[in-house]
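What follows is one structure encoded as C-alpha coordinates, with my remarks underneath.
The values are calculated or read from the model by the stated rules, or taken from the named source; none is laboratory data. The structure presented is a predicted model; accordingly, all values stated were derived computationally and were not measured. Here the Cβ is made from the backbone with ideal geometry for all residues, glycine too, and neighbour counts use every protein chain on show. We work out accessible area using only protein heavy atoms, side chains counted, and drop any ligands, DNA or RNA first. Shrake-Rupley method; radii C 1.70, N 1.55, O 1.52, S 1.80 Å.
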Amino acid sequence: YVFMADTNMAVNFDFNAMLQEHIASGADVTMAYHEYTLPESALSNSDVDKDLYYAFEIEDGRITDIHVNPTEGVQNLSMNYMVMERELMIKLVSEAFARGLPHFIRDVLWAQRNELNLHAYKYEGYVSRIWSIPSYFEENMKLLDDENLDALFSGNTIYTKVRDDMPAKYGLNSAVSNSLVADGCVIDGEVKNSVLSVNVTVKEGAQVSYSVLMPGAVVEEGAVVQYAILGENAVVAKGAKVGSAPETAEDP
(Lines give C-alpha, C1' and ligand atoms only; values in the text may rest on other atoms or scores of the structure.)
Protein backbone atom coordinates (compact mmCIF):
# COMPACT_ATOMS: atom_id res chain seq x y z
CA TYR A 1 0.00 0.00 0.00
CA VAL A 2 1.01 3.61 -0.62
CA PHE A 3 0.04 6.71 1.34
CA MET A 4 -0.15 10.13 -0.28
CA ALA A 5 -0.32 13.25 1.88
CA ASP A 6 -0.11 17.01 1.56
CA THR A 7 2.16 18.96 3.92
CA ASN A 8 0.08 22.05 4.67
CA MET A 9 -1.51 20.66 7.84
CA ALA A 10 -0.40 20.03 11.40
CA VAL A 11 -2.38 17.02 12.58
CA ASN A 12 -1.89 14.06 14.92
CA PHE A 13 -2.99 11.46 12.39
CA ASP A 14 -3.02 7.66 12.81
CA PHE A 15 -2.25 6.25 9.36
CA ASN A 16 -2.51 2.68 10.67
CA ALA A 17 -6.15 3.20 11.60
CA MET A 18 -6.83 4.62 8.14
CA LEU A 19 -5.10 1.66 6.50
CA GLN A 20 -7.13 -0.88 8.48
CA GLU A 21 -10.38 0.82 7.50
CA HIS A 22 -9.24 0.92 3.87
CA ILE A 23 -8.56 -2.81 3.85
CA ALA A 24 -11.85 -3.61 5.60
CA SER A 25 -13.87 -1.49 3.17
CA GLY A 26 -12.46 -3.17 0.07
CA ALA A 27 -12.15 0.27 -1.56
CA ASP A 28 -9.78 1.15 -4.38
CA VAL A 29 -8.82 4.43 -2.73
CA THR A 30 -9.52 5.72 0.78
CA MET A 31 -9.44 9.48 1.29
CA ALA A 32 -9.42 11.27 4.64
CA TYR A 33 -11.69 14.23 5.36
CA HIS A 34 -12.86 16.34 8.27
CA GLU A 35 -15.93 18.50 8.80
CA TYR A 36 -14.82 22.08 8.48
CA THR A 37 -16.31 25.54 8.16
CA LEU A 38 -14.33 27.40 5.54
CA PRO A 39 -12.55 30.45 7.03
CA GLU A 40 -12.39 33.83 5.37
CA SER A 41 -8.62 33.42 5.01
CA ALA A 42 -9.26 30.44 2.69
CA LEU A 43 -11.97 32.05 0.62
CA SER A 44 -10.17 35.36 0.12
CA ASN A 45 -6.96 33.67 -1.02
CA SER A 46 -8.48 30.99 -3.25
CA ASP A 47 -7.48 30.69 -6.90
CA VAL A 48 -9.48 27.99 -8.69
CA ASP A 49 -6.56 27.29 -11.02
CA LYS A 50 -3.83 27.13 -8.36
CA ASP A 51 -5.10 26.82 -4.78
CA LEU A 52 -7.38 23.81 -4.98
CA TYR A 53 -9.27 22.30 -2.07
CA TYR A 54 -11.95 19.66 -2.26
CA ALA A 55 -15.19 18.75 -0.51
CA PHE A 56 -16.85 15.34 -0.68
CA GLU A 57 -20.41 14.19 -1.08
CA ILE A 58 -20.64 10.93 0.85
CA GLU A 59 -23.20 8.16 0.82
CA ASP A 60 -22.79 5.05 3.01
CA GLY A 61 -19.07 5.73 3.35
CA ARG A 62 -18.50 6.07 -0.38
CA ILE A 63 -17.49 9.35 -2.04
CA THR A 64 -20.09 10.00 -4.72
CA ASP A 65 -18.94 13.46 -5.81
CA ILE A 66 -16.06 15.88 -5.32
CA HIS A 67 -16.51 19.65 -5.33
CA VAL A 68 -13.60 21.97 -6.15
CA ASN A 69 -13.19 25.13 -4.03
CA PRO A 70 -16.65 25.30 -2.40
CA THR A 71 -17.40 28.72 -0.95
CA GLU A 72 -19.74 28.41 2.01
CA GLY A 73 -20.99 26.34 4.90
CA VAL A 74 -19.68 23.29 6.71
CA GLN A 75 -17.95 20.97 4.26
CA ASN A 76 -16.66 17.40 4.25
CA LEU A 77 -13.28 18.83 3.40
CA SER A 78 -10.58 16.61 1.96
CA MET A 79 -7.33 16.46 3.91
CA ASN A 80 -5.55 15.26 0.76
CA TYR A 81 -4.50 12.15 2.68
CA MET A 82 -5.17 8.94 0.78
CA VAL A 83 -4.15 5.31 0.63
CA MET A 84 -4.28 2.78 -2.22
CA GLU A 85 -2.42 -0.19 -3.59
CA ARG A 86 0.95 0.64 -5.11
CA GLU A 87 0.09 -0.83 -8.50
CA LEU A 88 -3.08 1.26 -8.76
CA MET A 89 -1.21 4.44 -7.91
CA ILE A 90 1.43 3.75 -10.57
CA LYS A 91 -1.28 3.05 -13.14
CA LEU A 92 -3.26 6.22 -12.34
CA VAL A 93 -0.19 8.48 -12.23
CA SER A 94 1.17 7.03 -15.48
CA GLU A 95 -2.13 7.59 -17.27
CA ALA A 96 -2.38 11.14 -15.92
CA PHE A 97 1.18 11.93 -17.03
CA ALA A 98 0.53 10.59 -20.52
CA ARG A 99 -2.54 12.81 -20.85
CA GLY A 100 -1.03 15.94 -19.30
CA LEU A 101 -3.36 15.92 -16.30
CA PRO A 102 -1.74 17.93 -13.47
CA HIS A 103 -4.17 17.47 -10.55
CA PHE A 104 -4.53 13.98 -9.09
CA ILE A 105 -7.82 14.49 -7.27
CA ARG A 106 -9.56 16.81 -9.72
CA ASP A 107 -8.34 15.33 -13.00
CA VAL A 108 -7.91 11.66 -12.09
CA LEU A 109 -9.98 10.54 -9.12
CA TRP A 110 -12.99 12.78 -9.76
CA ALA A 111 -13.05 11.82 -13.44
CA GLN A 112 -13.12 8.12 -12.47
CA ARG A 113 -15.39 8.40 -9.41
CA ASN A 114 -17.95 6.07 -11.02
CA GLU A 115 -15.36 3.43 -11.94
CA LEU A 116 -13.30 3.55 -8.74
CA ASN A 117 -14.58 2.75 -5.27
CA LEU A 118 -13.59 5.89 -3.34
CA HIS A 119 -14.00 5.40 0.40
CA ALA A 120 -14.28 8.33 2.84
CA TYR A 121 -12.33 8.13 6.11
CA LYS A 122 -13.55 10.67 8.68
CA TYR A 123 -10.93 12.25 10.94
CA GLU A 124 -12.32 13.86 14.08
CA GLY A 125 -9.15 15.12 15.74
CA TYR A 126 -7.60 18.59 15.73
CA VAL A 127 -6.55 19.96 12.35
CA SER A 128 -4.36 23.02 11.86
CA ARG A 129 -4.70 23.83 8.18
CA ILE A 130 -2.46 26.39 6.44
CA TRP A 131 -4.12 28.14 3.50
CA SER A 132 -2.04 31.30 3.26
CA ILE A 133 0.29 33.59 5.20
CA PRO A 134 -2.63 35.05 7.22
CA SER A 135 -3.85 31.54 8.06
CA TYR A 136 -0.31 30.53 9.10
CA PHE A 137 -0.38 33.39 11.59
CA GLU A 138 -3.89 32.50 12.79
CA GLU A 139 -3.05 28.82 13.32
CA ASN A 140 0.04 29.68 15.35
CA MET A 141 -2.02 32.01 17.55
CA LYS A 142 -4.57 29.23 18.14
CA LEU A 143 -1.85 27.07 19.68
CA LEU A 144 -1.54 29.59 22.52
CA ASP A 145 -4.87 28.18 23.72
CA ASP A 146 -4.13 25.16 25.93
CA GLU A 147 -7.16 23.31 24.60
CA ASN A 148 -5.88 23.49 21.02
CA LEU A 149 -2.30 22.68 22.01
CA ASP A 150 -3.40 19.61 23.97
CA ALA A 151 -5.68 18.49 21.15
CA LEU A 152 -2.77 18.53 18.69
CA PHE A 153 -0.08 16.93 20.85
CA SER A 154 -1.93 14.65 23.30
CA GLY A 155 -2.56 11.83 20.82
CA ASN A 156 0.16 9.75 19.19
CA THR A 157 3.82 10.61 19.72
CA ILE A 158 5.11 13.12 17.16
CA TYR A 159 8.74 12.58 16.15
CA THR A 160 10.81 15.52 14.94
CA LYS A 161 14.46 16.23 14.18
CA VAL A 162 16.58 15.89 17.31
CA ARG A 163 18.19 19.15 18.45
CA ASP A 164 20.61 19.13 21.37
CA ASP A 165 20.35 22.70 22.57
CA MET A 166 20.28 24.59 25.83
CA PRO A 167 16.93 25.45 27.45
CA ALA A 168 15.48 28.89 26.93
CA LYS A 169 17.20 31.53 29.05
CA TYR A 170 15.19 34.29 30.75
CA GLY A 171 17.00 37.39 31.98
CA LEU A 172 16.28 39.19 35.24
CA ASN A 173 14.38 41.95 33.43
CA SER A 174 12.41 39.69 31.11
CA ALA A 175 8.61 39.40 31.14
CA VAL A 176 6.95 36.53 29.26
CA SER A 177 3.25 35.67 29.21
CA ASN A 178 1.00 33.33 27.21
CA SER A 179 3.74 32.39 24.75
CA LEU A 180 5.43 29.30 23.33
CA VAL A 181 9.19 29.62 23.64
CA ALA A 182 11.49 26.99 22.11
CA ASP A 183 14.92 25.76 23.21
CA GLY A 184 17.90 28.02 22.72
CA CYS A 185 15.98 31.29 23.05
CA VAL A 186 17.45 34.15 25.07
CA ILE A 187 14.81 36.50 26.44
CA ASP A 188 15.78 39.74 28.14
CA GLY A 189 12.83 41.83 26.97
CA GLU A 190 9.04 41.48 26.98
CA VAL A 191 7.19 38.70 25.09
CA LYS A 192 3.45 38.12 25.17
CA ASN A 193 0.96 36.14 23.10
CA SER A 194 3.69 34.98 20.70
CA VAL A 195 5.34 31.87 19.28
CA LEU A 196 9.14 31.82 19.30
CA SER A 197 11.10 29.16 17.39
CA VAL A 198 14.54 27.90 18.38
CA ASN A 199 17.43 30.29 19.07
CA VAL A 200 15.40 33.49 19.01
CA THR A 201 16.88 36.47 20.88
CA VAL A 202 14.80 39.26 22.40
CA LYS A 203 17.13 41.85 23.92
CA GLU A 204 16.52 44.11 26.89
CA GLY A 205 13.86 46.75 26.36
CA ALA A 206 12.48 45.01 23.26
CA GLN A 207 8.78 44.17 23.03
CA VAL A 208 7.27 41.26 21.09
CA SER A 209 3.52 40.70 21.03
CA TYR A 210 1.09 38.67 18.90
CA SER A 211 3.91 37.56 16.63
CA VAL A 212 5.59 34.47 15.21
CA LEU A 213 9.40 34.48 15.17
CA MET A 214 11.27 31.95 13.05
CA PRO A 215 14.57 30.27 14.11
CA GLY A 216 17.45 32.60 14.84
CA ALA A 217 15.45 35.83 14.69
CA VAL A 218 16.88 38.70 16.73
CA VAL A 219 14.98 41.66 18.19
CA GLU A 220 17.48 44.30 19.27
CA GLU A 221 17.23 46.68 22.27
CA GLY A 222 14.14 48.87 22.33
CA ALA A 223 12.64 47.39 19.17
CA VAL A 224 8.91 46.66 18.95
CA VAL A 225 7.42 43.72 17.02
CA GLN A 226 3.66 43.24 17.00
CA TYR A 227 1.26 41.23 14.83
CA ALA A 228 4.11 40.14 12.61
CA ILE A 229 5.93 37.10 11.27
CA LEU A 230 9.72 37.36 11.34
CA GLY A 231 11.65 35.13 8.95
CA GLU A 232 14.57 32.88 9.85
CA ASN A 233 17.62 34.82 11.11
CA ALA A 234 15.82 38.14 10.62
CA VAL A 235 17.18 41.06 12.66
CA VAL A 236 15.02 43.93 13.89
CA ALA A 237 17.37 46.82 14.51
CA LYS A 238 17.65 48.75 17.76
CA GLY A 239 14.61 50.98 18.30
CA ALA A 240 12.86 49.83 15.11
CA LYS A 241 9.16 48.98 14.88
CA VAL A 242 7.73 46.08 12.87
CA GLY A 243 4.02 45.41 12.39
CA SER A 244 0.96 47.14 13.77
CA ALA A 245 -2.17 46.33 15.74
CA PRO A 246 -5.32 45.24 13.85
CA GLU A 247 -6.97 48.64 14.18
CA THR A 248 -4.30 50.23 11.98
CA ALA A 249 -3.01 47.24 9.99
CA GLU A 250 -4.55 46.51 6.60
CA ASP A 251 -3.69 42.81 6.90
CA PRO A 252 -2.66 41.92 10.47
With +1 at each Lys and Arg Cβ and -1 at each Asp and Glu Cβ, the charge dipole magnitude of the chain around its Cα centre, to the nearest 20 debye, comes out at 580
Pairs of alpha-carbon atoms within less than 8 angstrom and 6+ residues apart define the contacts here; what relative contact order does the stretch 94-252 have, in percent?
12
If R0 is 35 Å, what FRET efficiency do you get for Lys241 and Arg106 from their C-beta distance, rounded to 0.05?
0.20
Contact order relative to length of the stretch 11-153, as percent, for alpha carbon pairs under 8 angstrom and 6 or more apart:
34
Net charge over other residues, Cβ less than 11 angstrom from the Cβ of Val198 (K, R count +1; D, E count -1):
-1
Working only with C-alpha atoms, what are the Rg and Dmax values of the stretch 1-147, expressed in angstrom?
15.6, 49
Largest to smallest accessible area among Thr64, Thr71 [probe 1.4 Å]:
Thr71, Thr64
Ordering Glu204, Glu21 by accessible area with a probe of 1.4 Å, largest first, what comes out?
Glu204, Glu21
Excluding ligands and nucleic acids, what accessible area in Å² is computed for Asp146 using a 1.4 Å probe, to the nearest 10?
110
Put +1 on the Cβ of each Lys and Arg and -1 on the Cβ of each Asp and Glu in the chain; which of Phe97, Met79, Asn156 then has its Cα farthest toward the positive end of the dipole?
Phe97
Might you report the magnitude of the Cβ-based charge dipole of the stretch 50-137 about its Cα centre, with Lys and Arg at +1 and Asp and Glu at -1, to the nearest 20 debye?
300
With every protein chain left in place and a probe of 1.4 Å, what is the accessible surface of His34, to the nearest 10 Å²?
10
According to the square roots a ≥ b ≥ c of the eigenvalues of the Cα gyration tensor, what is the shape class of the stretch 102-146, taking rounded for a/c under 1.5, prolate for a/b larger than b/c otherwise, and oblate for the remainder?
oblate
Using just the helices of the chain, give the 222 nm mean residue ellipticity in deg cm²/dmol: DSSP H runs with n ≥ 4 each add -39,500 (n - 2.57), and the total is spread over all residues, rounded to 500.
-5500 deg cm²/dmol
Only bridges whose two residues both fall in the chain count here: according to DSSP, what percent of them are antiparallel, nearest 5?
45
